[in-house]
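*Asks:* Quick one: the structure is below, questions incoming.
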């Protein structure tokens, strides 16, 4: 899906209250080139797309956040919500489960976040990344909801291949059955830092309470994972958002700040809840 370059540019033109002549001058292009773009008589090159969005961002206009908010307001209806998918290389054609990776938090599925910022922070280190705004209708679908608890910790560890020795246990079989019965899942996001903490629990280094409170401290928000074709059919791409290099830098800085605060909270949680709770062998042995 292509970027909404012209619609974005025209919206910004009105926001800045400038003429076509002024706009073309600031973009360092001819008036005739701008007119051909607007009238669809000339395709915009990748280099020009880059220049347009860099120009917009240089005017302190965050067009992606503006569009996100407008879509959130428009689709805030019963059984219909707006989500955000961060893509490293882009989506070719329709959303297809068969094209998704297997070794994710809940295995193969299409993953979305609740906010634009949430999605951008995870893909801004990639040169060809962009953010898709997705609409989703939840009617007549089976949902499985996880919170930051032991059940979720086991699910993440299992689907990321850390609990093979316990795959025949009652706990894991029940989780796997619930996941397979669902059309989509709502669960806390588990980044590499979170998975590292969960691994500490799986390795018997910390208790379930230490792990749970440490994970809660990172506070990354929730993700939606669509795991059935029925759920995929209820998704629709509203827009593909271009992220400039300056935007990516800003999101990565925000991510670094968030990681620093999270790390400090994790250290405090591990100290406060030391030796409180159960170790994994105790839980699996019950």
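*Asks:* Say each of residue 237 and residue 108 gets a label point 7 Å from the Cα, pointing the same way as Cα to Cβ; how far apart are those two points in nm?
*Replies:* Each label point is offset 7 Å from its Cα along the Cβ direction, giving 2.0 nm.
*Asks:* Pick out which of 204, 109, 86 has the largest mean-square fluctuation in a Gaussian network model of the chain, springs linking Cα atoms closer than 10 Å.
*Replies:* The residue with the greatest mean-square fluctuation here is 204.
*Asks:* Between residue 36 and residue 191, what's the calculated FRET efficiency when r is the beta-carbon distance and R0 is 51 Å? Round to 0.05. Could you put the intermediate results ahead of the total?
*Replies:* On the way: r = 44 Å, r/R0 = 0.86.
Result of the calculation: an efficiency of 0.70.
*Asks:* Sticking with this structure for a sec: What ranking, highest mean first, results for peptides 232-241, 160-169 when packing means the other Cβ atoms within 10 Å averaged over each residue?
*Replies:* 232-241, 160-169
*Asks:* I want to verify a result. In a Gaussian network model of the chain, Cα cutoff 10 Å, which of these has the top mean-square fluctuation: 41, 193, 170?
*Replies:* 41
*Asks:* Hey, with R₀ at 22 Å, roughly what FRET efficiency would residue 229 and residue 145 work out to, going by the Cβ-Cβ distance, to 0.05? Don't skip to the end; give the middle numbers.
*Replies:* On the way: r = 21 Å, r/R0 = 0.95.
Computed FRET efficiency for residue 229 and residue 145 comes out at 0.60.
*Asks:* Could I ask something else about it? Is the C-alpha gyration tensor of the range 214-266 telling us rounded, prolate or oblate? Criteria: a/c under 1.5 is rounded; beyond that, a/b larger than b/c is prolate, otherwise oblate. Walk me through the numbers before you get to the answer.
*Replies:* On the way: a/c = 5.41, a/b = 1.39, b/c = 3.88.
Because a/c hits 1.5 or more and a/b fails to exceed b/c, the range 214-266 counts as oblate.
*Asks:* Could you sort the peptides 16-25, 171-180 by per-residue average Cβ neighbour count (10 Å cutoff), highest mean leading? Provide the component values of the computation, followed by the final result.
*Replies:* Details: 16-25: 13.2, 171-180: 15.2.
Answer by packing, highest mean first, reads 171-180, 16-25.
*Asks:* Using R₀ = 35 Å, calculate the FRET efficiency as 1/(1 + (r/R₀)^6) where r is the Cβ-Cβ separation of residue 181 and residue 88; round to 0.05. Walk me through the intermediate numbers first.
*Replies:* Numbers: r = 30 Å, r/R0 = 0.86.
Plugging the Cβ-Cβ distance into 1/(1 + (r/R0)^6) gives 0.70.
*Asks:* Taking a ≥ b ≥ c as the square roots of the eigenvalues of the Cα gyration tensor of the range 77-284, is the shape rounded (a/c under 1.5), prolate (a/b larger than b/c) or oblate?
*Replies:* Details: a/c = 2.14, a/b = 1.29, b/c = 1.66.
Oblate, since a/c reaches 1.5 and b/c is not below a/b.
*Asks:* Report the full-extension gain for the segment residue 170 to residue 70: residue separation times 0.36 nm, less the Cα-Cα distance, to one decimal in nm.
*Replies:* On the way: separation 100, 0.36 × 100 = 36.00 nm, distance 4.59 nm.
Stretched out fully, the residue 170 to residue 70 stretch lengthens by 31.4 nm.
*Asks:* Would you kindly state how much longer the chain becomes between residue 2 and residue 99 on full extension, computed as 0.36 nm times their sequence separation minus their alpha carbon distance, in nm to one decimal?
*Replies:* Values: separation 97, 0.36 × 97 = 34.92 nm, distance 1.92 nm.
The span from residue 2 to residue 99 would gain 33.0 nm if fully extended.
*Asks:* Could you check the simple spin-label distance between residue 254 and residue 275, using points 7 Å along Cα→Cβ, in nm with one decimal?
*Replies:* 4.2
*Asks:* Additional query: For the chain, what is the mean residue ellipticity at 222 nm derived from helices alone (per DSSP H run of n ≥ 4: -39500 (n - 2.57); sum divided by total residues; nearest 500 deg cm²/dmol)? Mind dumping the intermediate values first?
*Replies:* Values: 13 runs with 141 residues, N = 286.
Calculated from helices alone, the mean residue ellipticity at 222 nm is -15000 deg cm²/dmol.
*Asks:* Between residue 200 and residue 46, what length in nm is gained on full extension when 0.36 nm per residue of separation is reduced by their alpha carbon distance?
*Replies:* Full extension of this stretch gives 50.9 nm more.
*Asks:* Same structure, new question: Once both axes come from the Cα atoms, what is the angle between helix 63-74 and the longest principal axis of the chain, in degrees from 0 to 90, rounded to 10?
*Replies:* 70
*Asks:* Still on this structure, please answer the following. Just the number, please: percent antiparallel of the DSSP beta bridges in the range 77-284, rounded to the nearest 5.
*Replies:* About 85 percent, rounded to the nearest 5.
All of the numbers you see were taken from the coordinates with simple rules; none came from a lab. Just so it is clear, the structure is predicted and the values come from calculations on it, not from any experiment. FYI the Cβ positions are ideal-geometry reconstructions off the backbone, even for glycines, and counts take in every protein chain you see.
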